[in-house]
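Trainee: Structure provided below as structure tokens; questions to follow.
The numbers here are math on the coordinates, done by the rules we state, and not lab data. What you see is a predicted model, and the numbers here were worked out from it, not measured in a lab. Cβ coordinates were reconstructed from backbone atoms using ideal geometry, including for glycine residues, and neighbour counts include every protein chain displayed.
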Amino acid sequence: MTAKRPSRIVARSIRCVLLTALVLLGTDNIVLAESTSIFDTASYNSEKISEIFMLVLAITGLIFVLVIAAIAVFVVRFRARRSETEDEPEPPQIYGSWPIEIAWTIAPLLIIFVLFLVVVRSVNEQRPTQAPGDAVQVRVIGNQWWWSFEYPELGFTTANELHVPLDESADPSSVFMQLESADVAHSFWVPRLAGKTDLIPNRINTMWFTPNATGVYYGQCAEYCGTQHSKMLLRVIVETPSEFAAWVENEKKPAVNDPAVADGRALFLEHSCASCHTIRGTNARGTFGPDLTHLMSRQTIGAGAAENNHDNLITWITNPHVFKTGCYMPEMKLTAENVKTIVSYLESLR
Ligand code: CUA
């Protein structure tokens, strides 16, 4: 057997760390600049979760300190002393002690029971099956590899970027979500807003959250769901009630029908684009891909794979695999001219 030289192992480790750093810095990953810390709470729910975390940390931290202190005391107090010689007899060996064994069985049981009660109470509160009060209802559907957000009461569907209103009422219950999957298991997790909930095929999970600060909050699919699992970005935009109402007003409208881009519209409807995407107000009614009715109201395309701008739309339609290798949107084999014409139509969908 030949052992690797330590210097080579060190060199390889350094190279590995540098490459990882390069990959992370080199991507135009929008999330890296944003906080996704569970301690940076921005909702009633994440505050509760953070409180439980601190409680668990305090209890386990105390146990850690006690154990380390006991080890230190025993190491010093019962160390081998110079005066002890080998022919001295061993100290008496004692086995078993009922009081001690009962104590160290009951104490951890009590601690676990208390933590169990605290967690169950919180889970029950945050996962009701009925929508509380006047919450905004959203049906979230996980797809390989994007998110569909349907607002059943408001009558429209959008994708990847969830808009919700800020709720400053005393009764926290502003967003109620029903989570489902179209294919495999996914997981919805926006750490600053709520706990993680899985989207499981043939099952409906529910959760709610109440944001307490406006802003854009990031999350990621948190359950491995195939090659592009890492490109299932979640953007949650928390707006003031009036901003949210304005957004809803625009989303409710059917797609803009601008005669100036009629050629692009015709091309879109002629090609198979229309069998995968919905554009309300046209014959495009596919649901395999994201609803594009108000595509330009979104900041990103491909579930956060790229910024939503002219050049990226051209690249995306020419070959989506440039941004998202293995995604289910095919290369349409269109001429550059046709791609441009379709993009001009898409850019009118505000
Ligand atoms: Cu969807 Cu991982």
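Trainee: Between Glu51 and Leu154, what length in nm is gained on full extension when 0.36 nm per residue of separation is reduced by their alpha carbon distance?
Mentor: Fully extending the segment from Glu51 to Leu154 adds 33.6 nm.
Trainee: Please grab the % of Cα pairs in the stretch 290-350 that end up more than 12 Å from each other.
Mentor: More than 12 Å apart: 66 percent of the Cα pairs in the stretch 290-350.
Trainee: For a footprinting-style exposure proxy, rank Ser348, Ser169 by other Cβ within 10 Å, fewest first.
Mentor: Ser169, Ser348
Trainee: Now a separate question. What are the radius of gyration and Dmax of the stretch 111-251, computed over its Cα atoms and given in Å?
Mentor: 15.2, 52
Trainee: In the stretch 202-333, how does Rg compare with the Kirkwood Rh, expressed as the Rg/Rh ratio over alpha carbon atoms?
Mentor: We get a ratio of 0.98 for the stretch 202-333.
Trainee: Mind listing the long-range amide H neighbours of Ala306? Cut-off is under 5 Å, sequence gap 5 or more, other chains count too, H placed in the peptide plane at 1.01 Å from N.
Mentor: Those qualifying (amide H under 5 Å, at least 5 residues apart or on another chain) are Ile301.
Trainee: Tell me the Kirkwood radius of the chain: reciprocal of the mean inverse pair distance over distinct alpha-carbon atoms, in Å.
Mentor: This gives a value of 24.4 Å.
Trainee: Could you work out how far helix 336-346 tilts from the main Cα principal axis of the chain, as a 0 to 90 degree angle to the nearest 10?
Mentor: Helix 336-346 sits roughly 80 degrees off the main axis of the chain.
Trainee: Moving to a separate point now. Ala72 to Ser169: extension gain in nm, 0.36 nm per residue of separation minus the Cα-Cα distance?
Mentor: The Ala72-Ser169 span can extend by a further 29.7 nm.
Trainee: Given a Förster distance of 56 Å, report the FRET efficiency between Ile111 and Val216 from their Cβ-Cβ distance, rounded to the nearest 0.05.
Mentor: Given R0 = 56 Å and the Cβ-Cβ separation, E is 0.90.
Trainee: Express in whole angstrom the spacing between the alpha-carbon centres of the stretch 300-350 and the stretch 131-165.
Mentor: When both Cα centres are located, 24 Å separates them.
Trainee: Right, another one. Which values, in whole Å and largest first, are the semi-axes of the equivalent ellipsoid of the stretch 182-255 obtained as the square root of 5 times each eigenvalue of the Cα gyration tensor?
Mentor: Listed largest to smallest, the semi-axes of the stretch 182-255 are 25, 16, 13 Å.
Trainee: Now for a separate question. Taking only Cα atoms, what is the 0 to 90° angle, nearest 10, from helix 44-77's long axis to the longest principal axis of the chain?
Mentor: Helix 44-77 and the main axis of the chain meet at about 20 degrees.
Trainee: Please give the helix 6-26 orientation as an angle from the longest Cα principal axis of the chain, in degrees from 0 to 90, rounded to the nearest 10.
Mentor: Orientation of helix 6-26: about 40 degrees from the principal axis.
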